Each structure stands twice: as C-alpha cells, then as structure tokens.
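The values are calculated or read from the model by the stated rules, or taken from the named source; none is laboratory data. Please read all numbers here as calculations on a predicted model, not as lab measurements. FYI the Cβ positions are ideal-geometry reconstructions off the backbone, even for glycines, and counts take in every protein chain you see.
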Amino acid sequence: MKDAHKPALLLRILLVFTLLANRAPVAHLPILRFSFLPNLPNNNNNNNDSIDNNIIISLYNKVDQTKPAAEILGSNLPLPPMSKARVYADVNVLRPKEYWDYESLTVQWGDQDDYEVVRKVGRGKYSEVFEGINVNSNERCIIKILKPVKKKKIKREIKILQNLCGGPNVVKLLDIVRDQHSKTPSLIFEYVNSTDFKVLYPTLTDYDIRYYVYELLKALDYCHSQGIMHRDVKPHNVMIDHELRKLRLIDWGLAEFYHPGKEYNVRVASRYFKGPELLVDLQDYDYSLDMWSLGCMFAGMIFRKEPFFYGHDNHDQLVKIAKGCCPKQTHM
C-alpha cells in the first residue's frame, strides 16, 4: 500500500536537493544537517525508516563522495563555518563604507509640486502606487507614496536605487520628494506601461518566456554584482511592456546589501517564492535567494501554473516544494 508522506522526511530530502542543485557550497554542509528536525532512527529494525534513510544517503552521496553519508544525519557535529556566497561575495567588503552604509545617507529632497497624481495603480504593505505626471516636462511617471516605516528602511531603499541607477532593466529612480506638512516621502520612478502578469503570461510564446527571463537575469546579475540582494522577486515586481519588449525589476523596499556571514531577516519575499532557507529560518543566506524566486517564476510561466508552489503557510510551502522535487514513494 502507499506509504504516508512524512513531513520530516520530505524536508530532509528537500534540503538534499538544495545541495544537489548547487545552491549552497559543500563547505556549508553542516548547517544543513537537519538538527532542527527529529533524528531518524539509527537502527534498521523499521523497514520504512531504513528505506527513508537510504533515500537520503543515496542522494547525499551524489553531492560529495569524500564525506561519510552519515554526516547528513548526524546531530553532534561542530558548528558550521561561516556561510559565504559563491559569487560576488566580497563586493561590499572591498568598497568604501559610504557605498553600503545607508543609515548615514543624507537625502536630497526634490520639489513635490513638480508632480501630480493621475490615478492609483496599486498598493502594497509599505506603500501606495500612483501613475503621475511631471508638470514641467509633461512626462508620465510612477509615484510611490511610502507608508510610515522606520527611516533607515526608507534610506536603505533610496541608497540601493541610487547605487543601481543605470543598471540593465532596473527601474530608474527619478526623484525623491516629501509632503511639506506630513513629511510623507514619495519616490518618483520612470513609467512602464505594464500588462498584468495574469493576463500577459498565458499569451507568451516559448521565445517570449526565454527573452523575458534572460532580461530579468540581466537585472539580477547586475544587482548581485553590486553587492545587493533583491529579496522579493515575483511576478508583481516585474513590469513588462510587451509592445516595447521592455522589462523592469521594481520594488526594492526589501532589498539589502550582502555581507558574508551576516544574519538577515527571514521575513522577506512572498511565500510562494520563498527559498527553502527562509522557510527553515536560515538567516545567513545570500544572492541565491533571488535565483530560487526566479526559478519559481520561470516554472510558473512554462507550465502555466501560477504560483508554481502553492503552500497555505510556510510549513506547507516546504511540503509542496518537496513534493514537486521528489517522486512519490510506494511501498508494498
């Protein structure tokens, strides 16, 4: 009969697949030793458990034959070495503090009277977004009015957008203004005549999908090369003007500078696009977080399934990912 799926086993196999996909260096192995999950039995009396262990060991051996497979099931290993991104790891280490120290940023405010709101086009947790117009040039723009948040979060977004200005397919920050009375800040961006992804994606050809994913990869590679993680890649944050074949990666409010070994907030990204490290509260993540999110987007576009991994909460999201990665096991 069909064996019931064990959540702990699914999570273990999921993380082995993470290693197989080279999303983390093998040197990072100990931190993926599943110490946060119940240990599997060490004896072979239970046939099902024995089979489960063998599945995990078999998968792990494909990653590194030089280490004993039992390591992945161990719980008394020494503390892991510092995690470090395999690419662009030292960008911010080698640059002056002024590049990444957003808390010291002095904002140069523009004139709010230069812009008028035309219509509301969206809203999020931290902002409301409007189509606007520059009254001096008569050009359309996007006005992002920020909701009350900590000043350092606003400064972080501004500093990152300034650092990325001119990068391929990164939305361009045009101005920063604030209301004279309420002091509410607004960010002024270039306008993109985007089509709702729920309408656009089903119409895309194979070539279209490859083209736009490549354009998105350009944006991500650039921001990573500048030492910045986006941390919220999803269809809502990828504006596509299909007529002009123009793509822009927007909403850098959760973006952060990458520093090797630093522990980051795991409450970033949207659930359906969260990498496994976020779902298991692994804080020393890196740029690969964005690549997982892009992979979820890519899969959704190809298979016409949005979202591709649909979990009801973080735990269920992990289970959905594991089921998507692993074929069902049937025991007689």
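Worth pointing out:
- Reported count of residues in segment 183-220, each being touching a residue at least 40 places away in the same chain (Cβ under 8 Å) and acidic (Asp, Glu), is 2.
- Residues being surrounded by 12 or more Cβ atoms within 10 Å (Cβ to Cβ), acidic (Asp, Glu) and closer than 17 Å to LEU161 by Cα - total across segment 90-147: 1
- Search result, residues across segment 197-242 that are β-branched (Val, Ile, Thr) and more than 20 Å from LYS274 (Cα to Cα): VAL199, THR203, THR205, ILE209, ILE240
- Residues of segment 106-124 classified as part of a loop (DSSP other than H, G, I, E, B) and among the charged types (D, E, K, R), total: 1
- Taken together, LYS323, LYS246, LYS262 contain a single residue that is touching a His at 6+ places or on another chain (Cβ under 9 Å), among the basic types (Lys, Arg) and either more than 24 Å from GLN226 (Cα to Cα) or surrounded by fewer than 17 Cβ atoms within 10 Å (Cβ to Cβ) (or both), which is LYS323.
- Matching residues, segment 154-183, being loosely packed, with under 14 Cβ neighbours inside 10 Å and over 22 Å from TYR222 (Cβ atoms): ASP179, GLN180, HIS181, SER182, LYS183
- Of the residues making up segment 238-267, those that are charged (D, E, K, R) and within 18 Å of LYS153 (Cβ to Cβ) are ASP251, GLU256, LYS262, GLU263, ARG267.
- Taking strands (runs of 3 or more DSSP E) as the structural unit, those lying wholly within segment 125-236 and holding at least 2 residues that are farther than 28 Å from MET301 by Cα, at pLDDT 95 or above and of a type in the set (D, E, K, R) correspond to 173-178.
- Residue match in segment 220-231 (condition: of a type in the set (Val, Ile, Thr), in the same structural domain as GLY311 (by TED's automatic domain parsing) and within 24 Å of TYR310 (Cβ to Cβ)): no
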